[in-house]
Amino acid sequence: MSSADKNLSSIDLSSIGDCSEYTIGIVTSEWNEGITKKLTKGAVKTLKACKVKAANIIQIQVPGSFELPLGAKMLYQEKSPDAVICIGCVIKGETKHNEYINTSVAQALTNLSLVSGIPFIFGVLTPDTKQQALDRCGGKHGNKGDEAAYTALKMIGLKKEIKSTKTKIGF
Ligand code: DLZ
């Protein structure tokens with residue numbers, strides 16, 4: 001099924017375990033604020049639906065998406081969360097600025113995840129048009145903020161599952 005036919009936020013929260021002790025950081029970019037606020041709202045709603053306590057959701061803002069990795073690193077260093085969700089929206093313009101920002105942020109968040117061992121979630125919309133962004137922050141393609149939160153919780157659960165498994169993995 002193509003994404004045009006599917007509400008991407010039809011996610012099954014019943015597969016998520018007990019999240020009541022998780023601490024989650026959310027870093028939101030102020031650029032395209034009308035969109036990033038809706039994405040953030042969706043992420044918070046999903047975290048709360050999975051029993052993450054409001055007091056354990058730490059939210060900060062950065063000026064633009066390019067600043068997401070550093071904001072996320074600062075939050076990680078100061079607050080030791082179980083995951084950091086990074087939310088932004090970089091709309092394609094007349095120049096290649098969007099490509100530079102998106103590539104840089106994706107690589108930096110990948111590096112942060114691998115070095116730290118906790119998930120830094122790429123909740124950045126990279127649309128060609130504002131309408132495509134609106135379709136993905138509570139429109140016809142759901143809310144990618146919900147999915148970012150879901151992904152964070154799934155990855156924290158995976159880490160706990162691997163840690164608690166009694167059997168040896170591999171040879
Ligand atoms: C400069 C810029 C432009 C042109 N477009 C966006 C955008 O669509 N979305 C976004 O999140 N940020 C944008 N920025 C700002 C950069 O992310 C960054 O804040 C500045 O280049 C300063 O480092």
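The values are calculated or read from the model by the stated rules, or taken from the named source; none is laboratory data. Predicted, not measured: the structure shown is a model, and the values here were computed from it. Backbone-built Cβ (ideal geometry, glycine too); neighbour counts: all protein chains shown. Just so you know, the surface numbers come from the protein's heavy atoms only, side chains and all, with ligands and any DNA or RNA stripped out. Shrake-Rupley method; radii C 1.70, N 1.55, O 1.52, S 1.80 Å.
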- Selection from Cys50, Gly88, Ile101 lying farthest towards where the dipole of the chain points positive, charges on Cβ: Cys50
- Whole-Å distance linking the alpha carbon centroid of the range 40-79 with that of the range 138-156 is 13 Å
- Note on the structure: In debye to the nearest 20, the charge dipole size for the chain, taken about the Cα centre with +1 at each Lys and Arg Cβ and -1 at each Asp and Glu Cβ, equals 440 debye
- Note on the structure: With the 8 Å Cα cutoff and a minimum separation of six or more residues, the range 19-162 has a relative contact order in percent of 31 percent
- Task: Provide the per residue accessible area, probe 1.4 Å, for the chain, rounded to a whole number of square angstrom.
- Result: 58 Å²
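If DNA, RNA and ligands are ignored and the probe is 1.4 Å, what is the ranking of Ser14, Ser20, Ser164, Ser29 by accessible area, most exposed first? Provide the component values of the computation, followed by the final result.
Working: Ser14 95, Ser20 30, Ser164 75, Ser29 0 Å².
Largest accessible area first, the residues go Ser14, Ser164, Ser20, Ser29.
For the range 78-171, which whole percent of the accessible surface, found with a 1.4 angstrom probe, sits on carbon and sulfur atoms? Don't skip to the end; give the middle numbers.
Values: 3080 of 5570 Å².
About 55 percent, which is the carbon plus sulfur part of the accessible surface.
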- Can you check what the Kirkwood hydrodynamic radius comes to for the range 38-110, Cα pairs only, in Å to one decimal? 13.6 Å
- Beta bridge orientation in the chain: antiparallel %, DSSP, nearest 5: 10 percent
- Query: Stretched out fully, how many nm does the piece from Lys159 to Glu21 gain, at 0.36 nm a residue minus the Cα gap?
  - Reply: 48.2 nm
- Query: Can you give the Kirkwood hydrodynamic radius of the chain from its Cα pairs, in Å with one decimal?
  - Reply: 16.4 Å
- Task: Give, in nm to one decimal, the length gained when the segment between Lys37 and Tyr100 is fully stretched (0.36 nm per residue of separation minus the Cα-Cα distance).
- Result: 20.4 nm
- For Thr28, enumerate residues with amide H under 5 Å from its amide H, sequence gap 5+ or separate chain, H modeled in the peptide plane. Ile60, Gln61, Val62, Ile87
